Amino acid sequence: MRYEEFYRQSVEQPELFWAEQARRIHWHTPPRQILDASRPPFRQWFVGGTTNLCYNAVDRHVSERGGQLALVAISAETGITRELTYRDLYREVNTFAAVLASLGVGHGDRVVIYMPNIAEAVFAMLACSRIGAIHSVVFGGFAAHNLALRIDDAKPKLLIATDAGMRGGKVFPYKPLVDAALDEARHQPAHVLLVDRGLDVQMTRVAGRDLDYASLRASYEGTEVPVTWLESNEPSYLLYTSGTTGKPKGIQRYVGGYAVAMAMSITTIFDIAPGQVMFSTSDVGWAVGHSYNVYAPLIGGATSLLYEGLPAHPDPGIWWRLCERYGVRAMFSSPTALRVLKKQDASWLKKYDLSRLKWLFVAGEPLDEPTAHWITDGLGVPVIDNYWQTETGWPAITLMPGLDLKPVKFGSPGLPSPGYRMKVIDEGTGEELPPHQKGVLVFVPPLPPGCLSTVWGDDDRYVSSYFSHFNELLYSSLDWAIRDEHGYTTILGRTDDVINVAGHRLGTREIEESVSTHPACAEAAVVGVHDDLKGQVPVVFATLKQGVTEELRVVAKAMQQRVVEQLGGVAKPARIYVVNALPKTRSGKLLRRSLQALVQHTDPGDLSTLDDPGALDEVRRALERGP
Ligand code: ATP
Ligand code: MG
């Protein structure tokens, strides 16, 4: 079916459409009602249906494709690769579930998983799903304080962790962070289950609390654990947003609608059929990792590659070598990772046989045009940007090459996904704007299956964060966007970050994109800074590509000139600072509010998800030096 037809059905007859899509998964009991919208803005999909994510991801495939690879966990750090068939995965997940059950974990209990991208993280997630426990994966790079906050929020019965992670050849012990987090947290899980990789030789254990997975695994190996069938709207997992705009929100996901969205999107968006190979470079700690490293490819009977390591370590060819070796069809990465690769020689993109690679998907941040061109030309495959949020759980704006590929327009992730009714509206009046006018991107409820059901333990925050900006009839994405007459939408930045220069409203994206067209620019961040005359003026922070020899002042001047030429004098950056690094969240998003706070000497807000505090020192020094 063509995209237009598919999309039209999804918004004109949503219940009929989703009832049809629901046939893609196994239901233990079929739903009684497709959509219950009687208590807005809370809505329920597939009411009364019972199903299980683990059953759909694993059990269902064992008879038909038990010998096929399900998960390939590659560590470029340790050099170890583990290949697991669906049968192997079934066994490992059951064993893990038996261990969880032996520790008293059951239906509705929370389990915090604090692990790097290793196979056991996937086993643990699926084992939780199997027995109806609610997992909350905390990105392994987070510090003790972040972990403590998430422990207190979820109140888990169990914490699963590893001894250590690795990054760029260095070992980063996790266990001391677990101990520190539990010292800080008010809530204490009954046990800490340790998957010992043998990396942190000094790992200490607290008697009675800390248990070794290996020995429990040996006791329960081969045990089968029956699936716990869950009502479609019961929680499946919790996952925190990146904290780019403030305190992270604990997104609560349900079971049935999520399984349906995963099954539909893996074929229609990612163009992956059973037996084909998907390689997402995300960490399991993010939304992309949950959906496209774990649940969607497995529910779709595909092979999923899981990668521990950096994009260019041991060398910039590592990802393409893996694509060749496993015959990857769809790759999924982030603009941030592509910009890391772009600093390297483009010949790395041509070294391997990528004849089976059909698509490169990216998400998470605006994909700037120079990077999009660089990677498309280098790989010779289309790059398909997709826009989504932790809240949505799957792409909201994308192209759907699994149906038919519409033209890729650089700068725009594309068209609305099935079930998403979108508008760009005026921030003040709430009126829908005509094409080519900038405004707030909103979704008209119901949000399609797969999206959040609420903020964990905080229904009020769910309503106030997303449904209170205009009225309860619209979900605000909190992103600023523009649409063309064909429906292609371009994200211009966060509504919080919009820069208002003498009444002209500019998205951060527009100016950053313009600065990035300068050949010396690696990455740019722009913030609005208070100005007595104009209200605000744009201030730019830029990193340069390796090997730039021009004088910095000359480069900055030229960047400024480009913005004026491309966007007009109103967008002219008041100052341009060249820095070595930009502050980012752990998930690789520019933390503009921290830059703004440094320039204006104001409160930056919650910085717990900041990746490298050194980047802020760097900015401080640049500010002292002057532009
Ligand atoms: P928080 O909600 O805590 O502030 P966050 O919004 O960064 O953090 P995520 O859910 O990880 O948390 O990120 C979603 C946001 O990322 C989107 O709202 C949007 O701003 C941005 N984003 C995601 N994909 C794209 C894309 N393809 N193009 C432009 N922006 C994107
Ligand atoms: Mg957000």
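The values are calculated or read from the model by the stated rules, or taken from the named source; none is laboratory data. Values in this document were obtained by computation on a predicted structure and should not be read as measured data. Glycine also receives a Cβ, built like all others from the backbone with ideal geometry; neighbour counts cover every protein chain displayed.
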Neighbours by Cβ (under 9 Å, 6+ apart or cross-chain): first from segment 233-253, on the phi < 0 side of the Ramachandran plot; second within 6 Å of ligand 1 (Cβ to nearest atom) and assigned to a strand (DSSP E or B): THR244/ARG494; THR245/ARG494
Output for segment 351-386, where each listed residue is touching a strand residue (DSSP E or B) at 6+ places or on another chain (Cβ under 6 Å), within 16 Å of ligand 2 (Cβ to nearest atom) and either closer than 17 Å to GLY317 by Cα or among the small types (Gly, Ala, Ser) (or both): ALA363
All strands (runs of 3 or more DSSP E) inside segment 268-386 with 1 or more residues being over 21 Å from GLY588 (Cα atoms): 277-280, 303-308, 330-333, 359-363
Considering residues of segment 487-516 that are surrounded by fewer than 21 Cβ atoms within 10 Å (Cβ to Cβ), without any contact (Cβ under 8 Å) to a residue 60 or more places away in the chain and not in a strand (DSSP E or B) only, the residue nearest to the chain's Cα centre (by Cα): VAL498
Failed criterion for TYR295 (all others in (1) within 25 Å of LEU405 (Cα to Cα); (2) in contact (Cβ under 8 Å) with a residue 40 or more places away in the chain; (3) more than 17 Å from the chain's Cα centre (by Cα) hold): (3)
Selected residue (criterion: modelled with the lowest pLDDT) from residues of segment 518-542 that are within 26 Å of TRP388 (Cβ to Cβ) and not small (Gly, Ala, Ser): GLU523
Selected residue [touching a residue at least 40 places away in the same chain (Cβ under 8 Å) and of a type in the set (Gly, Ala, Ser)] from ALA180, ALA207, ALA214, ALA154: ALA154
Single residue of THR244, THR281 found to be farther than 22 Å from ALA57 by Cβ, within 16 Å of ligand 1 (Cβ to nearest atom) and not acidic (Asp, Glu): THR244
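Listed here are the residues, each with its yes/no results for (1) more than 13 Å from ligand 1 (Cβ to nearest atom); (2) touching a helix residue (DSSP H, G or I) at 6+ places or on another chain (Cβ under 7 Å); (3) modelled with pLDDT of 95 or more.
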{"site": "GLU324", "(1), (2), (3)": "yes, no, yes"}
{"site": "ARG329", "(1), (2), (3)": "yes, no, yes"}
{"site": "ASP353", "(1), (2), (3)": "yes, yes, yes"}
{"site": "LYS358", "(1), (2), (3)": "yes, no, yes"}
{"site": "ASP368", "(1), (2), (3)": "no, yes, no"}
{"site": "GLY378", "(1), (2), (3)": "yes, yes, yes"}
{"site": "VAL381", "(1), (2), (3)": "yes, no, yes"}
{"site": "THR392", "(1), (2), (3)": "no, no, yes"}
{"site": "PRO401", "(1), (2), (3)": "yes, no, yes"}
Segment 405-431, subset of a type in the set (Val, Ile, Thr) and part of a loop (DSSP other than H, G, I, E, B), residue nearest to GLY380 (Cα to Cα): VAL408
Which listed residue, of GLN389, GLN344, is within 16 Å of ligand 2 (Cβ to nearest atom) and out of contact with any Phe, Trp or Tyr (no Cβ under 9 Å at 6 or more places or on another chain): GLN389
Matching entry among ALA296, ALA261 (being under 18 Å from ILE397 (Cβ atoms), surrounded by 24 or more Cβ atoms within 10 Å (Cβ to Cβ), of a type outside the set (Val, Ile, Thr) and touching a helix residue (DSSP H, G or I) at 6+ places or on another chain (Cβ under 6 Å)): ALA296
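Going by the structure shown, is ASP88 within 21 Å of GLU231 (Cα to Cα), surrounded by 14 or more Cβ atoms within 10 Å (Cβ to Cβ) and of a type in the set (D, E, K, R)? Give the steps one after another, and end with the answer.
Numbers: within 21 Å of GLU231 (Cα to Cα): no; surrounded by 14 or more Cβ atoms within 10 Å (Cβ to Cβ): yes; of a type in the set (D, E, K, R): yes.
No; evaluated as a whole, the condition is false for this residue.
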